[in-house]
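Quick notes on the structure that follows.
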Amino acid sequence: MIIRKAVINDVPRIHRLLQYYGLKGELLPRPLSRLYDHLRDFWVCEDDEGGAGIVGCCALQFCWADLAEIRSLAVLPEFGGRKIGTRLTEKALDEARRYRIRRVFTLTYRPGFFRRLGFVPIDRAALPLKIWSDCITCVQFPNCDENAMILALGNDTPDSAEESSDQE
């Protein structure tokens with residue numbers, strides 16, 4: 001299994017994977033056009049030996065100077081139990097650290113998975129209003145029952161601490 005950044009030819013397979021879980025009500029499906037718009041956000045897991053192609057994906061979307069979201073995490077059911085979701089999430093978190101993001105959140109139906117990675121539950125109201133733009137188009141809105149969780153990355157550098165105090 002190879003974890004890598006997504007390329008343009010991966011979009012149809014990512015779309016099918018997200019649609020599969022979207023139809024089950026386990027994540028928010030994404031229109032094909034939005035996937036092309038946000039392709040650079042995605043990491044994929046490719047089955048390099050069995051020829052199955054893309055078997056998992058995960059996106060890191062930047063929301064603010066110090067906040068990003070893990071979203072669209074999905075792994076084909078037949079590839080479950082191989083830590084692919086963990087590896088994809090860790091790649092996204094490593095990328096967040098490289099960009100000096102201090103906090104990463106997720107909205108999930110699988111809080112146990114994210115808890116094992118160090119995420120803690122938070123009240124959705126604690127998240128900035130900017131993140132709710134996708135929620136308005138969700139079939140669950142306004143009765144969302146996803147769990148909001150957050151992870152502090154500890155990327156406090158002298159520069160980021162200065163910027164943070166300037167914004168407050």
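Among the residues in segment 5-19, are any more than 27 Å from residue 154 (Cα to Cα) and part of a strand (DSSP E or B)?
No, because not a single residue in segment 5-19 is more than 27 Å from residue 154 (Cα to Cα) and part of a strand (DSSP E or B).
Conditions tested, residue by residue: (1) within 24 Å of residue 150 (Cα to Cα); (2) at pLDDT below 95.
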| position | (1), (2) |
| --- | --- |
| 8 | no, no |
| 24 | no, yes |
| 27 | yes, yes |
| 49 | no, yes |
| 52 | no, yes |
| 58 | yes, no |
| 76 | no, yes |
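Within segment 94-122, track down each residue that is within 14 Å of residue 58 (Cβ to Cβ) and among the β-branched types (Val, Ile, Thr).
Correct list: 104, 106, 108.
Within segment 46-93, take every residue that is polar (S, T, N, Q) and buried (at least 19 other Cβ atoms within 10 Å of the Cβ) and give me the one that is farthest from residue 127 (Cα to Cα).
Kept after step one, since they are polar (S, T, N, Q), are these residues of segment 46-93: 61, 72, 86, 89.
When the remaining residues are screened for being buried (at least 19 other Cβ atoms within 10 Å of the Cβ), the result is 72, 89.
Details: 72: 18, 89: 20 Å.
Step by step, filter segment 46-93, then rank; the result is 89.
Residue check, residue 66 against (1) of a type in the set (Asp, Glu); (2) in contact with a strand residue (DSSP E or B) (Cβ under 9 Å, 6 or more places away or on another chain); (3) within 15 Å of residue 3 (Cβ to Cβ), all met but one. Which one?
Exception for residue 66: condition (3).
Could you tell me which numbered condition residue 130 fails, if it satisfies all but one of (1) modelled with pLDDT of 90 or more; (2) surrounded by fewer than 13 Cβ atoms within 10 Å (Cβ to Cβ); (3) not acidic (Asp, Glu)?
So the condition that residue 130 fails would be (1).
Here are some residues: 40, 34. Which one is closer than 25 Å to residue 150 by Cα, basic (Lys, Arg), in contact (Cβ under 8 Å) with a residue 12 or more places away in the chain and not in a strand (DSSP E or B)? Spell out how you get there, then give the answer.
Values: 34 fails: in contact (Cβ under 8 Å) with a residue 12 or more places away in the chain.
So the residue among 40, 34 that is closer than 25 Å to residue 150 by Cα, basic (Lys, Arg), in contact (Cβ under 8 Å) with a residue 12 or more places away in the chain and not in a strand (DSSP E or B) is 40.
The values are calculated or read from the model by the stated rules, or taken from the named source; none is laboratory data. Keep in mind it's a predicted model, so treat the numbers as computed, not measured. All Cβ positions, even for glycine, are placed from backbone atoms using ideal geometry, and neighbour counts span all protein chains on display.
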